[in-house]
Amino acid sequence: MDANGGARRPRTLRLALKASCRFNSRALKTLDRHILGEWLKILGLVLAATIGLLLMQEMYDDFRDLLDDGAGAVDIAVYYTVLMPSFLTVVLPLALLISLLGQLHRSNEFTAMRAAGLGIFRLTRGIWVIGVLCCGLMWLFNSRVVPWSVEESRSLKDSLEFRHQAHTDGVERAGLITSVAFDNRAEGRLWYINRYNRFTGRAYGVSVSILDARRRETVRYLARVAEYDAAIRKWTFHDGCEMRFDAETGETVRPLPFIDRVFADFHEDPQLMLLIDRDPIDLSFRELRRLIDYLTVEGNPKVTKYAMRYYSLIADTLGCLIVIGIAIPFAMSGVRVSPVVGVSKSIGLFFAYYLLVNLANMIGGRELLTPQVAAWLPNAVMIGVAGWFFVRMR
């Protein structure tokens, strides 16, 4: 040890460095909490505003119909409360974009910390964590909450309509759907229902043809009335007739009338029959999956549009991360660049992303690409664009 204390200097320096690291770590954690706290406040306000706007639009579209069906204040409140969760996946990416652009442009902490040498990923790590959580939330809502919301709100609306029609036209005439056809190719049964009451679950004028491997009719069951029991998945035919045919000549072999007959192997769900030809955007995640499974077995070309909608819902779960990747580079472009320029560029990229989504849906719908590739292509393109801007920032 020298007179000037040379042996103590390395230890003193190490202690000073450790203290400095602990201070910087505490400072960065405080900065993360501050940035996230301010951003989440703005995000909450934007979400509330955008959901409110969508709610007003839905009320403009449906409020008069609800009143015409005799809905009271409680019925209307319950209907829109059940419907509101389906809005979240629509507005969340847009709310993320608006809140990020507003928060990052007015946060001078970013400019100061970047000047101090901190990287862009280190400064925005809390935002990325929230983005990953939002992706998980999108998946949960698309797979669980939104299907419940769509199906339950539709059921509530149908119940109000049935109550109104039953009061004016009678129960048997309320909710009648005419000309329901269903081809169960997997089990060789072709259904035709003249009229189906979706509220009572009764079918009128039912014809079921049993087909052989060459699609020739061998047996036909006719019934004046038929009912489906969802609990045991069986159909019961009333006041009907069984007709057998010679597959080669098509001539009737023998007719056999019956009063009541339970068909244990007839498990076609009338709810699935009614989904055919519905607009894909009006169907829930579960309903899309059911239709895809059925139409794929049948070999029906209509499966493409339902598959595009189904895989698009899955691909949309990455939308939150893509929006964050678009917003951060332009919102943190520095003091020498006008905020208006960065905001306009990021909003332009946001709309370009949705234009790509629509273009991919059109291409996938025409079967130029498989539905899986068409659904994921816009996300892959925008991830590449966002990555390129991030590399330029470093």
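The values are calculated or read from the model by the stated rules, or taken from the named source; none is laboratory data. Fair warning: this is a prediction, and the values are worked out from it, not measured in the lab. Ideal geometry is used to build each Cβ from the backbone, glycine not excepted, and the neighbour counts take in all protein chains shown. To get the accessible areas, we keep the full protein, side chains included, count just its heavy atoms, and leave off ligands, DNA and RNA. Shrake-Rupley method; radii C 1.70, N 1.55, O 1.52, S 1.80 Å.
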When the range 70-80 is examined, which residues are found to be open to solvent by 30 Å² or more (accessible area, probe 1.4 Å) and under 13 Å from LYS157 (Cβ atoms)? GLY70, ASP75, VAL78
GLU227 - would you say it is assigned to a strand (DSSP E or B), in contact with a Lys or Arg (Cβ under 9 Å, 6 or more places away or on another chain) and among the acidic types (Asp, Glu)? yes
Please tell me if ARG290 is open to solvent by 80 Å² or more (accessible area, probe 1.4 Å), touching a residue at least 24 places away in the same chain (Cβ under 8 Å) and within 31 Å of the chain's Cα centre (by Cα). no
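For the range 282-315, which residues satisfy the criterion of being closer than 16 Å to GLU268 by Cβ and of a type in the set (Ser, Thr, Tyr)?
From the range 282-315, those closer than 16 Å to GLU268 by Cβ are 287, 290-291, 293-295, 297-298, 300; that's our starting set.
Scanning the range 282-315 gives a single hit, TYR294.
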Which condition number in (1) farther than 27 Å from GLY299 by Cβ; (2) surrounded by fewer than 16 Cβ atoms within 10 Å (Cβ to Cβ); (3) among the aliphatic types (A, V, I, L, M); (4) in contact (Cβ under 8 Å) with a residue 24 or more places away in the chain is the one that LEU256 fails? (4)
Taking ASP269 and the conditions (1) under 24 Å from the mean Cα position of the chain (by Cα); (2) farther than 30 Å from TYR310 by Cα, which numbered condition does it fall short on, given that it satisfies the others? (2)
Which residue is farthest from the chain's Cα centre (by Cα), if the candidates are limited to the range 349-378 and must be within 16 Å of ALA327 (Cβ to Cβ) and open to solvent by less than 30 Å² (accessible area, probe 1.4 Å)? PHE350
Of all residues making up the range 182-204, the number that are touching a helix residue (DSSP H, G or I) at 6+ places or on another chain (Cβ under 8 Å) and open to solvent by 30 Å² or more (accessible area, probe 1.4 Å): 4
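In this structure, does ASP212 turn out to be in contact with an Asp or Glu (Cβ under 8 Å, 6 or more places away or on another chain), open to solvent by less than 70 Å² (accessible area, probe 1.4 Å) and under 26 Å from PRO301 (Cα atoms)? Lay out the reasoning, then the answer.
Working: in contact with an Asp or Glu (Cβ under 8 Å, 6 or more places away or on another chain): no; open to solvent by less than 70 Å² (accessible area, probe 1.4 Å): yes; under 26 Å from PRO301 (Cα atoms): yes.
The answer is no for ASP212.
Taking the condition in contact with a Gly (Cβ under 9 Å, 6 or more places away or on another chain) and at pLDDT 80 or above, does LEU54 pass?
No; evaluated as a whole, the condition is false for this residue.
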Is there a residue being over 30 Å from GLY348 (Cα atoms), touching a His at 6+ places or on another chain (Cβ under 6 Å) and not aromatic (Phe, Trp, Tyr) anywhere in the range 56-68? no
Scan the range 89-140 for residues that are modelled with pLDDT of 80 or more, open to solvent by less than 70 Å² (accessible area, probe 1.4 Å) and among the aromatic types (Phe, Trp, Tyr) and jot them down. TRP128
